[in-house]
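The block underneath contains the structure these notes are about, expressed in structure tokens.
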Amino acid sequence: MMVRSLDEQSAVMVECVQNHTPHVMVIDEIGRAKEVKAAHTCKQRGVRLLASAHGDLRKLLKNGELNALVGGIKSTTLGDGMAKEEAKKRGSSDVSKVKTEVRANEPTFDVVVEVRRGVLHEWLVTLDTASAVDSILDRGSYTVQERKRDPATGKICLELKQV
């Protein structure tokens, strides 16, 4: 369905699900909180989604408007003792009473494909968004598939990496 104006994208997404019962939706550029909510609504109704959003997984998680696409985050306030313990665990002398603790919900997107501007034949694929987000919030690394395509032969090489 064509979207006449960016302001109408979220409404068109929901209208499409309500009136046309699609199996799959392809969405060009989710960039606002209303579109994030509409994407979540579409997924809850059983529609498979393919969409673009700017930023890699870690940057997406830090984006307050878009992080719900990958499950969102919840912060908690720690007591003095717990805050000191967390700082010690991180090996830091900075004590913070606010901790970004856990993923708030299930991700709207189960798989994340990261494509970098100007890099046409390489991409990173995160096959388990929920686990990757949990690892990021625990200040750890997560596994991605680094895929590279030889432009001459079309052959694709896959390598597992920790990022």
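The values are calculated or read from the model by the stated rules, or taken from the named source; none is laboratory data. Everything quoted here is computed from the prediction, not taken from an experiment. No Cβ is skipped: glycine too gets one built from the backbone with ideal geometry, and neighbour counts run over all protein chains shown. Areas reflect the complete protein model, heavy atoms only, side chains present, ligands, DNA and RNA absent. Shrake-Rupley method; radii C 1.70, N 1.55, O 1.52, S 1.80 Å.
A few points about this structure:
- Criterion: under 16 Å from the mean Cα position of the chain (by Cα), open to solvent by less than 40 Å² (accessible area, probe 1.4 Å) and among the charged types (D, E, K, R) - qualifying residue of E35, E29: E35
- The set of residues in segment 141-163 that are aliphatic (A, V, I, L, M) and open to solvent by less than 70 Å² (accessible area, probe 1.4 Å) comprises V144, V163.
- Residues in segment 107-140 that are in contact with a Ser or Thr (Cβ under 7 Å, 6 or more places away or on another chain) and open to solvent by 60 Å² or more (accessible area, probe 1.4 Å): D110, V111.
- Candidate set from segment 59-90 (those that are open to solvent by less than 60 Å² (accessible area, probe 1.4 Å) and farther than 15 Å from F109 by Cα); member that is modelled with the highest pLDDT: N63
- Counted residues, segment 40-58 - those being open to solvent by less than 80 Å² (accessible area, probe 1.4 Å), under 10 Å from V17 (Cα atoms) and not β-branched (V, I, T): 3
- Subset of segment 115-149 [within 13 Å of V163 (Cα to Cα) and assigned to a loop (DSSP other than H, G, I, E, B)]: R139, G140, S141, Y142
- Of the residues in segment 139-153, not one is at pLDDT below 95 and aliphatic (A, V, I, L, M).
- Contact map, segment 136-160: first residue farther than 17 Å from D56 by Cβ, second residue modelled with pLDDT of 95 or more and among the polar types (S, T, N, Q), Cβ cut-off under 9 Å, separation 6 or more or different chains; pairs are L158/Q145; E159/Q145; L160/T143; L160/Q145.
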